[in-house]
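The values are calculated or read from the model by the stated rules, or taken from the named source; none is laboratory data. Please read all numbers here as calculations on a predicted model, not as lab measurements. Don't worry about glycine lacking a Cβ; one is built from the backbone with ideal geometry, like all the others, and counts go over all protein chains shown. Please note that ligands, DNA and RNA were not included when accessible areas were found on the heavy atoms of the full protein model with its side chains. Shrake-Rupley method; radii C 1.70, N 1.55, O 1.52, S 1.80 Å.
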Amino acid sequence: FADQGVDRKAWTPYVEGTWRNENDVYKLTLVFAEDANYTFDVKYTDLAAHQADDYEEDAFTVDKTAPTNLMITYSKSVLEETPDDGIDYLYYDDQVTVTVTAEDATSGVHYFNYSYVNAEGVSNVNAQLLNQRIEATRDGTKGTATFQIPKEKLTELNQFNGTVTVTAADRSEEKTGLSDVKRIVIDNIKPAVVVTYNAPIQSVDNVHYF
């Protein structure tokens, strides 16, 4: 402020330090530390009743809190079971639609990063996909996005057997992550049946004798 006589009481909650006079330019540092969406305006009158030109209002957000309530849900499976290892297995014969949601009260959920990761020891017909960004659709404080596993059309070369990991980010790049423990199995390959016998003593008219 290139003058003096500013009403200091209005700045009290945000003031850091004191007014500084630098060659008749008066400066004050304000710190907005609380999470909130702010608007900032300045109206200035000096002791001689001169008013400053109108200041164009600023808008800014302080958000130091990561998104909360991150959840992952899946489209209906053809079979769900929990064997002795205590892990929930969801079985599918086609692409799975995955829905992710999170909440952020201040700047809102901006985007999600997702990966679907093969379980250890699965065959090479299973294909994983890592670090895919999708924008969130916002409804108030809630952000939502959907994606499919596999991302492309299901073939014999991109089956899946593994788990899903998601990170939610707000517009201040604060992030929350979740690695789901549910095991997703996508399989549209028909079983191949092969029957073998030990050598018969003899075969007559396609009848085998052992």
Exercise. Report yes if some residue within the stretch 45-58 is under 30 Å from TRP19 (Cα atoms), surrounded by 13 or more Cβ atoms within 10 Å (Cβ to Cβ) and touching a strand residue (DSSP E or B) at 6+ places or on another chain (Cβ under 9 Å); otherwise report no.
Key: yes
Quiz item: Do any residues in the stretch 76-93 that are touching a residue at least 24 places away in the same chain (Cβ under 8 Å) have Cβ atoms under 9 Å from those of residues that are small (Gly, Ala, Ser), where the two are at least six apart or on different chains, and which pairs are they?
Solution: TYR89/SER77; LEU90/SER77; TYR91/SER77; TYR92/SER75; TYR92/SER77
Exercise. Check every one of the strands (runs of 3 or more DSSP E) wholly within the stretch 60-168 and list those with 1 or more residues that are over 30 Å from ASN37 (Cβ atoms) and modelled with pLDDT under 95.
Key: 79-81, 89-92
Self-check item: Count - residues of the stretch 169-182 that are hydroxyl-bearing (Ser, Thr, Tyr) and at pLDDT 95 or above
Solution: 2
Quiz item: For the stretch 69-87, how many residues meet the condition of being surrounded by 14 or more Cβ atoms within 10 Å (Cβ to Cβ) and either more than 30 Å from SER172 (Cα to Cα) or β-branched (Val, Ile, Thr) (or both)?
Solution: 3
Quiz item: When you scan the stretch 35-51, how many residues do you find that are assigned to a strand (DSSP E or B) and under 30 Å from ALA105 (Cα atoms)?
Solution: 5
Quiz item: Can you name the residue in the stretch 169-210 that is assigned to a loop (DSSP other than H, G, I, E, B) and under 22 Å from the mean Cα position of the chain (by Cα) and is also farthest from ASP93 (Cα to Cα) among such residues?
Solution: SER172
Quiz item: If THR137 passes every condition in (1) surrounded by 13 or more Cβ atoms within 10 Å (Cβ to Cβ); (2) under 16 Å from the mean Cα position of the chain (by Cα) but one, which one does it miss?
Solution: (1)
Quiz item: Do the conditions hold for ILE149, that is, is it without any contact (Cβ under 8 Å) to a residue 60 or more places away in the chain and surrounded by 18 or more Cβ atoms within 10 Å (Cβ to Cβ)?
Solution: yes
Quiz item: Just checking, how many residues over the stretch 173-209 are of a type outside the set (D, E, K, R) and surrounded by 18 or more Cβ atoms within 10 Å (Cβ to Cβ)?
Solution: 4
Self-check item: Qualifying residues in the stretch 152-168 (those that are more than 16 Å from the chain's Cα centre (by Cα) and in contact (Cβ under 8 Å) with a residue 40 or more places away in the chain) - the one most open to solvent (accessible area, probe 1.4 Å)
Solution: LYS153
Quiz item: If you scan the stretch 21-34, which residues turn out to be assigned to a loop (DSSP other than H, G, I, E, B), over 14 Å from THR106 (Cβ atoms) and among the charged types (D, E, K, R)?
Solution: ASP24
